[in-house]
Amino acid sequence: MSGGGKVRIALVGAGGAMPVQGLSTGFDSAGSWGWQHARIFATRPDVEFCAIVGRDPAKTQAKAELFGVRPYVDVEEMLEKEKPDLVSLCLPNQEHFSATLEVIRAGVPLLVEKPLVFDLGEAAELLEEAERRGLFFAINFNHRYAKPVELAKAAMESGKIGELTFASWRFGGEGGPGHPHANLIETQCHGFDMLEHLCGPIESVMAEMTDKTGGGYRTLILALKFANGAVGSLIGTYDSSYAYPDTHRVELDGTKGRAVIHDTVRRYTYHPSGSEIGEVWEAGYFNDEGRDFHRTFHRHLDALLGALRSGQEPPIPARAGHRALRLADAAIRSYETGTRIRIE
């Protein structure tokens, strides 16, 4: 680590438009996730944010000046000059592979944004290259760090839910053009990760999809079977709106009760079986951190940096991204063949 025990971090990719109101307040309405990386690294006292790598020299220079770091347009040059303890990669969804592989082959610990990649062969190559070097390789499935998700996880582990009978995930908003299975791979990867995080391994999948609005299979529904015998469903869409209340909803039903997650961070409810009286968590008046979706990344980074400093495995290793991609691939094969696909 760098002087004073700080973790020296470089960012590859910093999003598109400049923030509307500056470093410490609002960001552009698109919610560029690269800007969230930069904002968090620049404001943490335990981090030395040293560099941003971008493709456009002028835009990269402007972003670097905003955050007080050095700009680069070449990953290799940045690694050689800055010698970061950790590289964070936040690139366009279908452009993750080459830069990620370059950082891995340089032997530098790294955090990548979801999805890992779109191709199973590329995913396997990244994992093999990292494992060969014993490299710290994390992925940002930050939904796990939302308070309602943590409460649902605790309810499952404590037995409050009882034996799980079914679980459902629904998540839908807007999405742009690109890969025909973009919604499934780049957005519903959170659904695969969350359902397995809460409910255990998914054993099989059956899929229906529609391309009725054009631009690929933007809306889909999956029927799932868990290894523990429970069943589940996943509905995902780019033909909806993130402005709708309850655009995200997770329900866990068991023999002893039901837990529901509303909009990831907005609300958690639990009802014992047969009871009209339940428990509710909502962020209190001064609990801005609890109600802020972007703060889930803060909490993930707390755990990630702690693991990096102590030489432990990442709290969410990159193989979780590979697993989500395997499940997405099974869903695609199920739709294309009209059959149930088992996942080993």
> What number of residues in segment 119-161 are in contact (Cβ under 8 Å) with a residue 60 or more places away in the chain and either aliphatic (A, V, I, L, M) or closer than 21 Å to Arg249 by Cβ (or both)?
Replying inline: 23
> Restricting attention to segment 91-118, which residues are free of Cβ contacts under 8 Å to residues at least 40 places away in the same chain and either under 17 Å from the mean Cα position of the chain (by Cα) or surrounded by fewer than 23 Cβ atoms within 10 Å (Cβ to Cβ) (or both)?
Replying inline: Glu95, His96, Phe97, Ser98, Thr100, Leu101, Glu102, Arg105, Ala106, Gly107, Val108, Leu110
>> Restricting to segment 211-223, and then to whatever is of a type in the set (Ser, Thr, Tyr) and more than 14 Å from Ile332 (Cβ to Cβ), can you tell me which residue is modelled with the highest pLDDT?
In response: Thr219
>> For the condition under 20 Å from Asn93 (Cα atoms) and part of a strand (DSSP E or B), what is the one hit in Leu234, Leu184, Leu220, Leu224?
In response: Leu220
>> Test of understanding: among Tyr242, Tyr238, which residue is farther than 25 Å from Ala138 by Cα, surrounded by fewer than 18 Cβ atoms within 10 Å (Cβ to Cβ) and assigned by TED's automatic domain parsing to the domain that holds Glu336?
In response: Tyr242
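Quick grid of which residues meet (1) in contact with an Asp or Glu (Cβ under 9 Å, 6 or more places away or on another chain); (2) farther than 25 Å from Glu276 by Cα; (3) not basic (Lys, Arg):
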site: Glu157; (1), (2), (3): no, no, yes
site: Asp193; (1), (2), (3): no, yes, yes
site: Asp211; (1), (2), (3): no, yes, yes
site: Asn228; (1), (2), (3): yes, yes, yes
site: Leu252; (1), (2), (3): no, no, yes
>> Looking only at residues that are surrounded by 14 or more Cβ atoms within 10 Å (Cβ to Cβ) and of a type in the set (Lys, Arg) in segment 272-309, which one is farthest from Ile161 (Cα to Cα)?
In response: Arg295
>> On the basis of being surrounded by 14 or more Cβ atoms within 10 Å (Cβ to Cβ), under 25 Å from Lys212 (Cβ atoms) and touching a Gly at 6+ places or on another chain (Cβ under 6 Å), does Thr269 make the cut?
In response: no
>> Cβ-Cβ under 7 Å, sequence separation 6+ or interchain: first residue in segment 67-80 and farther than 13 Å from Cys50 by Cα and without any contact (Cβ under 8 Å) to a residue 24 or more places away in the chain, partner of a type in the set (Val, Ile, Thr) and surrounded by 15 or more Cβ atoms within 10 Å (Cβ to Cβ). Which pairs?
In response: Val73/Val53; Val73/Thr60
> Assuming Ile332 fulfils every condition listed in (1) farther than 23 Å from Asn142 by Cβ; (2) surrounded by fewer than 17 Cβ atoms within 10 Å (Cβ to Cβ) apart from one, which condition is it?
Replying inline: (2)
> So which strands (runs of 3 or more DSSP E) stay within segment 69-174 end to end and still have 1 or more residues that are under 21 Å from Gly232 (Cα atoms)?
Replying inline: 164-172
>> Just the residues that are surrounded by fewer than 16 Cβ atoms within 10 Å (Cβ to Cβ) and either part of a helix (DSSP H, G or I) or without any contact (Cβ under 8 Å) to a residue 60 or more places away in the chain (or both), please, taken from segment 34-58.
In response: Thr43, Pro45, Arg55, Asp56, Pro57, Ala58
>> Report every pair of residues separated by at least 6 positions or lying on different chains whose Cβ atoms are under 7 Å apart, first residue within segment 314-331 and among the aromatic types (Phe, Trp, Tyr), second surrounded by 22 or more Cβ atoms within 10 Å (Cβ to Cβ).
In response: none
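For (1) at pLDDT below 90; (2) touching a strand residue (DSSP E or B) at 6+ places or on another chain (Cβ under 8 Å); (3) β-branched (Val, Ile, Thr); (4) within 20 Å of Arg299 (Cβ to Cβ), each residue gets a yes or a no:
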site	(1), (2), (3), (4)
Val12	no, yes, yes, no
Ser29	yes, no, no, no
Arg44	no, no, no, yes
Ile52	no, yes, yes, no
Pro71	no, yes, no, no
Asp74	no, yes, no, no
Leu79	no, yes, no, no
Leu86	no, yes, no, yes
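The values are calculated or read from the model by the stated rules, or taken from the named source; none is laboratory data. Remember, predicted model here, so these are calculated numbers, not experimental data. Cβ sites come from the backbone with ideal geometry, for glycine too, and all protein chains shown count toward neighbours.
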